[in-house]
Amino acid sequence: MTEAAVSVWQLRWRRLARDHVALAALAVLFTLYALCFSASWIEQWFGVTGIDTDLMSRFDPIDAQHWLGSDEAGRDEFTRLLRGGQVSLSIGLFAALGSSFVGTMIGATAGYFRGRIDMVLMRFTDFMLALPALPVLIILAALDLTKLGFSENFVRSGDAGYWRIVLIVTVLGWTTVARLVRAATLSLVEREFVLAARAQGASSWRVLWVHVLPNAVTPIIVATTLRMGGVILTESALSFLGVGIQPPSTSWGSMLTNAQELMASNPLLAVYPGAAILIAVIAINFVGDGLQSAFDPRADPH
Amino acid sequence: MTALLEAIDLTVSFGDRAGWFRPGQQVQAVRAVSLALQPGEVLAVVGESGSGKTTLARALLGMVPIAGGTVRFDGCDTAAMTAAQTLAMRRVVQMVFQDPFGSLDPRLPVGAIIAEPLDIHRIGTKASRRERVAELLDLVGLSPDAAGRYPHQFSGGQRQRIAFARALAPGPRAIIADEPLSALDVSIQSQMLNLAAALRARLGLAYLIISHDLAAVHHVADRVATMYLGRIVEVASVDALFSTPAHPYTAALLAAVPRIGTGKRVPGDALGGDIPSPLAPPPGCAFHPRCPAATSLCATEAPALRALRAGHDVACHHPLGAA
Amino acid sequence: MGRFLASRLTGAGIVLLLKSFVIFALIGLMPGDPIDLMMNANPETTPEQMALLRAMYGLDLPITSRYWTWLTAAMHGDFGYSRIQHRPVLDIIIPALGNTLILTGAAFVISTILAVTLGTIAALKRGSWIDRIINLFAFAGISVPSFWLGLLMIYLFAVRLGWLPAGGMPRPEQGMGGMLAHLVMPVMTLVIVETGGLARYARAAMIEVLGQDYIRTARAKGLTDRRMLVRHALRNALIPVLTLVALQLGGLFSGAALTEAMFAWRGMGRLILEAILGNDYNLALVCLLFVTGTILIANIFADIAYTWLDPRISLGKRRR
């Protein structure tokens, strides 16, 4: 036994801890999430609201109570930004996790069973990959769900709008992870430890779950992280175009739609939501990049 | 006596998988092999790389699809076994792989690796499994705290001990070892051999050892089979094979061995040329292009494996020392 | 080569056919059909009349037979009319395509040159503050929402400073100067958004090449002339970069929907957005198919370019 008992993950964590940029980005990201999801407490604290309109205090200037002033309907801009962040950031998380889950399942199935299953799944992946993403997303976001048999009430509810975005971004976003996981699985099933497990009589399920996926987790984590940034950008674009998050619900993208019209008189209202998107996505990308180098197999001990 | 594991006319083909629009290209890696592993014996299969010996081992365990012939376990055709029977066979026939760096999952601690067979075959409780792991680690000469460490923290020899402990975990009757020593240093090789011999005596294990090196199996094997291009060309007890090899190929392998225990030089020349591609095996006896004693008969007709004397089979038209 | 091309084109044709059906079906699920829209225009239409109209337009038929009708017409070169613009679809697409190519082509050339330059500098000065700054800019470019960037630019350069037109197409009499003035902001937006990823890719490719044996050998042999070294390495690093660039060629024709919409540039991207959001089914369908087709062809082209640049890979053997 050559060294102290350190798992691969501990080594990776140590490498990540030396990457100051990634750590800073991680801190920014945690702060953003924490702030956004404590929006209601912050509202109480300051005695403001990011939801209810107050026509007496439209376009209030920046002061101690309204950190970023108030918007065209008298809502406190800062807490409204946090409310929008709840939607944007959680959609980012859910849709990224969703895409990774779907991509992992499809990629692992294709790579493990190979042959025709692989061929069919990979053709399907290519098919999805060559779809013009934004137009198809817009069509999916605009689909009339009642034509698919959903009830009118459900379709009009805010939840439907939220989960519809999560779902369609997931549906179009799994291809990268699927390809990564397939490639990893193809090489892993040739490894002797997989043969050893099969020689023991391990089921396909066990081989995939215990031996293949844990060894393919590195690219999955990195891709999921980077995907989160992509999802937030996509959601903001859809909401900006008016087919994403619908009022009264709000996201950073839909805040920009309103702000666009007030650009000439109140340009700052257009600056904040975009800056929030930029900060969140750039932090996510730096974290993803840091994870990628911390997980680089060339740096793993053997 | 019923053989523990027996191949009858076993053929294994590989190739590109057939596509939707084209047939696959087939290679016969194992061709009509018949071989039996008796309970408690040590059988070595020796051949150059590409001779099909690894494929034979994997086919015996049902790890690769069989193209022809049968594999019998305890006299039962494995193709006709139920899933439960197959699982039961996998419990008592264990495998040790060549590369101790590849055969252990790098993401699992050693304790989980050794306990995996117990887990798969649902043997014991959590606590009893932990005890069993400690017992096995002790058996192969590792300290019990190894259970919490990861494979990358061990040397090659230690890893092969871990792989061995895993194979012993479910209480097997036979261990199939594919080049178990070739990745190890010579000093560690002898340690492993001693360990294997001790455990054989203690547990009554049968071994099927796959090797490219005749000298390496000299001291451990009871019987030796030599394989060439997917066929068994000679089977005999270790003494008979080393003293009076009948197949020119076996003789050539022996001649390539620098020193044999007896010090006697064995008839036959060192092997020239390379093993032909199994994609296009030579007609007749596959060995004839490299054989010093080949005749025109050898180029046209493949010799069958037949008994030269009791317990000594050879597939050659002109066996050595028989003319 | 001929066989490879033929099989790839057949594959692309099948994919295109499948896509046309999927898109056709999806568009059919969008809210409102032409009859709903007619009814909105004339509220006195009775349900009976509507049913009659639906039957007349074949909208009561199942989706597959409607698709078949559309497909047979399309095969005969009849792509139908735009509902909003009352013109044949092709008459609308062709000028939009020209506008898009001007915009995306300019942005593409500039961002490729910029990305390779920045990537090379960053790779050569690896770890220095220059590398860090380039990296930061690349990340910012990847992370910024393009429509927001456009919004800020319009505010700054058009509203506040009044230097540039806020958007729209130049009139013919404005000549070259007018064209450039209208192009500056959308091209800048696209360049900022597109350069980041490509620059990081170019940097990685360059670092990989610089670490390879023959470069080290060249250095050890005393090849100290930096320019020679860079030229030597750059040629090899460019192979993967150009492959990626070739893969993006298909995007040239689809335009940049958000940027075009922000700057009211009459290109394909904006046309697609308008068609979808305005329920102009037929226009949206044909535009999307056209865009998909160009992406598929560009992918085949990228494969060929890759083989041509890198002789180690032979066509046919390579799976995509």
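The values are calculated or read from the model by the stated rules, or taken from the named source; none is laboratory data. In this text the structure is predicted, and so the values were computed from the model without any measurement. Cβ: placed from backbone, ideal geometry, glycine included. Neighbour counts: every protein chain shown. Each accessible area value is taken on the protein alone, full model and side chains, heavy atoms only, with ligands, DNA and RNA left out. Shrake-Rupley method; radii C 1.70, N 1.55, O 1.52, S 1.80 Å.
Observations, loosely collected:
- Nonpolar atom fraction for the protein assembly as shown, defined as the carbon and sulfur part of the 1.4 Å probe accessible area, stands at 62 percent.
- Positive end of the dipole of the protein assembly as shown (Cβ unit charges, origin at the Cα centre): among C:Gly175, A:Val120, C:Ser128, the Cα lying farthest that way belongs to C:Ser128.
- Quarter the surface of the alpha carbon convex hull of the stretch B:98-146 and you get the mean projected area, 3.8 square nanometres.
- For chain B, size of Cβ-based charge dipole, Lys and Arg +1, Asp and Glu -1, in debye: 460 debye
- Considering only alpha-carbon pairs that sit under 8 angstrom and 6 or more positions apart, the relative contact order computed for chain A is 23 percent.
- Across chain B: Cys residues that no other cysteine approaches within a C-beta distance under 4.7 Å: B:Cys76, B:Cys291, B:Cys316
- Over all projection directions, the Cα-based convex hull of the stretch B:81-230 averages an area of 9.8 nm².
- Approximate shape of the stretch B:160-203 as ellipsoid semi-axes (Cα gyration tensor, √5λ), whole Å, largest first: 18, 12, 9
- Largest accessible area first, the residues C:Trp129, A:Trp45, A:Trp9 order themselves as A:Trp45, C:Trp129, A:Trp9 under a 1.4 Å probe with ligands, DNA and RNA left out.
- Computed over the stretch C:45-183, the Cα gyration tensor eigenvalues convert (square root of 5λ each) into semi-axes of 47, 22, 17 Å, ordered from largest to smallest.
- Largest first and in whole Å, the equivalent-ellipsoid semi-axes of the stretch C:92-309 read 36, 22, 14, each the square root of five times a Cα gyration tensor eigenvalue.
- Rh (Kirkwood; distinct C-alpha pairs) - the stretch A:231-302, Å: 14.0 Å
- Surface accessible to a 1.4 Å probe, A:Asp19 within the full protein complex, Å²: 40 Å²
- Compactness index (Cα Rg / 2.2 N^0.38 Å), chain A: 1.18
- Farthest towards the positive end of the charge dipole of the protein assembly as shown, among the residues B:Pro283, A:Leu145, A:Leu16, is the Cα of B:Pro283, using unit charges on the Cβ of Lys, Arg, Asp and Glu.
- Listed residues B:Ala88, B:Ala294, B:Ala304, most fluctuating in chain B (Gaussian network, C-alpha, under 10 Å): B:Ala88
- Count, lysine Cα pairs under 30 Å in the protein assembly as shown, 8 or more residues apart or across chains: 4
- Cα-based shape type of chain B, given that a ≥ b ≥ c are square roots of the gyration tensor eigenvalues and the cut on a/c is 1.5: prolate
- FRET E, pair B:Leu297, B:Asp77, Förster distance 35 Å, beta-carbon r, rounded to 0.05: 0.45
- Counting only protein chain heavy atoms and rolling a 1.4 Å probe, the accessible areas of C:Phe24, C:Phe137 rank, largest first, as C:Phe137, C:Phe24.
- Mean separation of Cα contacts under 8 Å (6+ apart) over length of chain B, as relative contact order %: 20 percent
- Kirkwood analysis of the Cα pair distances in the protein assembly as shown returns a hydrodynamic radius of 33.2 Å.
- FRET efficiency for B:Asp213 and A:Ser204, using Cβ-Cβ distance with R0 set to 30 Å, rounded to 0.05: 0.25
- Its alpha carbons give the stretch B:143-244 an Rg and a Dmax of 15.2, 50 Å.
- Once the chain from A:Gln44 to A:Glu261 is taken as fully extended at 0.36 nm per residue, the excess over their C-alpha distance is 75.1 nm.
- Charge dipole of chain A about the Cα centre (unit charges at C-beta), most positive-ward option of A:Ala160, A:Trp252, A:Leu241: A:Ala160
- Distance between the C-alpha centres of the stretch A:182-205 and the stretch A:253-273: 54 Å, rounded to the whole angstrom.
- Using the alpha-carbon positions of the stretch B:117-188, Rg (one decimal) and Dmax (whole number) come out as 12.8, 39 Å.
- Dipole check for the stretch B:52-200: with +1 at the C-beta of Lys and Arg, -1 at the C-beta of Asp and Glu, and the Cα centre as origin, the magnitude is about 280 Debye.
- Computed with the Debye formula from one identical point scatterer per Cα of the stretch A:139-221, without solvent, the log10 of I(q)/I(0) at q = 0.18 Å⁻¹ comes to -0.76.
- Buried area at the A:C interface is about 3600 square angstrom, summed over both chains, from accessible surfaces computed with a 1.4 angstrom probe.
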